[in-house]
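Undergrad: One structure, pasted below without further comment.
Quick note: the coordinates plus some simple rules give every number you see, no bench work behind them. Please read these numbers as outputs of a predicted model, since none were measured by experiment. When we count neighbours, we look across all protein chains shown, and the Cβ atoms used for this are built from the backbone with ideal geometry, even at glycine.
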Amino acid sequence: MKLDKGDFIGKDPILGAKKDGLKRKLVPFVLKGRGFPRQGYEIQKNGKKIGFVTSGTFSPSLEKGIGLGYVAVEHSIKGEELDIMIRGKPEKAEIIKPPFYRDFTHK
């Protein structure tokens, strides 16, 4: 995107984000337990809200719950453990590197 080519809708927010840096990041995660995430569920770290689930479901190939969510940038590192609040209870999840699949050729 060329920001110096005149005005357009959304230019100011883009310039602001570029100047201030990112505050949140979209991360893929896999649940360690039996639950599965849904859109709007809260994401926590050490009992503090750090984000929310944008989408989630059960993965038949992984046999686990998977999802995407926005979290504070400082909590967006691969391997970091998070809590997904499912029906008011924290379920452990881990941030992974996409894509979501299991390589059946390498067990």
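Undergrad: What chymotrypsin sites (Phe, Trp or Tyr not before Pro) does segment 8-107 have in DSSP loop regions with at most 15 other beta carbons within 10 Å?
TA: 8, 101, 104
Undergrad: How large is the dipole of the chain about the Cα centre if only Lys and Arg carry +1 and Asp and Glu carry -1, each at its Cβ, rounded to the nearest 20 debye?
TA: 100 debye
Undergrad: Tell me, what HN-Hα J-couplings in whole Hz come from the Karplus equation 6.51 cos²θ - 1.76 cosθ + 1.60 at θ = phi - 60° for each residue of segment 29-45, using x for Gly and Pro?
TA: Karplus values, whole Hz, x for Gly and Pro: 9, 10, 6, 8, x, 8, x, 9, x, 9, 3, x, 4, 7, 10, 10, 9.
Undergrad: Taking amide H positions as placed 1.01 Å from N in the peptide plane, with prolines and chain starts having none, which residues 5 or more places from residue 33, or on another chain, fall under 5 Å of its amide H?
TA: 92
Undergrad: A further question follows. Figure the gain on full extension for residue 34 and residue 92 (residue separation times 0.36 nm, minus the Cα-Cα span) and round it to one decimal in nm.
TA: 19.9 nm
Undergrad: Further question: Listed here are the pairs 11/78; 32/78; 49/78; which of them are more than 24 Å apart at the Cα? The partial results should precede the final answer.
TA: Values: 11/78 31 Å; 32/78 15 Å; 49/78 19 Å.
11/78, as the Cα separations exceed 24 Å there.
Undergrad: Looking at segment 7-99, which GluC sites (Glu not before Pro) are DSSP coil and have at most 16 other C-beta atoms within 10 Å of their C-beta?
TA: On the way: sites: 42, 63, 74, 80, 81, 91, 94; in loops: 63, 80.
Sites meeting the loop and neighbour criteria: 63, 80.
Undergrad: In the chain, if the dipole is taken from +1 on Lys/Arg beta carbons and -1 on Asp/Glu beta carbons about the Cα centre, which of 50, 3, 17 is farthest to the positive end?
TA: Most positive-ward Cα: 50.
Undergrad: Give the value in nm², to one decimal: projected area of the alpha carbon convex hull of the chain, averaged over all directions.
TA: 9.1 nm²
Undergrad: Please list, in chain and number order, the residues 5+ apart from residue 51 or on another chain whose amide H is under 5 Å from its amide H, with Hs placed from the backbone.
TA: Here 43 satisfy the definition.
Undergrad: Percent relative contact order of the chain, based on C-alpha pairs within less than 8 angstrom and at least six residues apart?
TA: Averaging sequence separation for qualifying contacts and normalising by length gives 28 percent for the chain.
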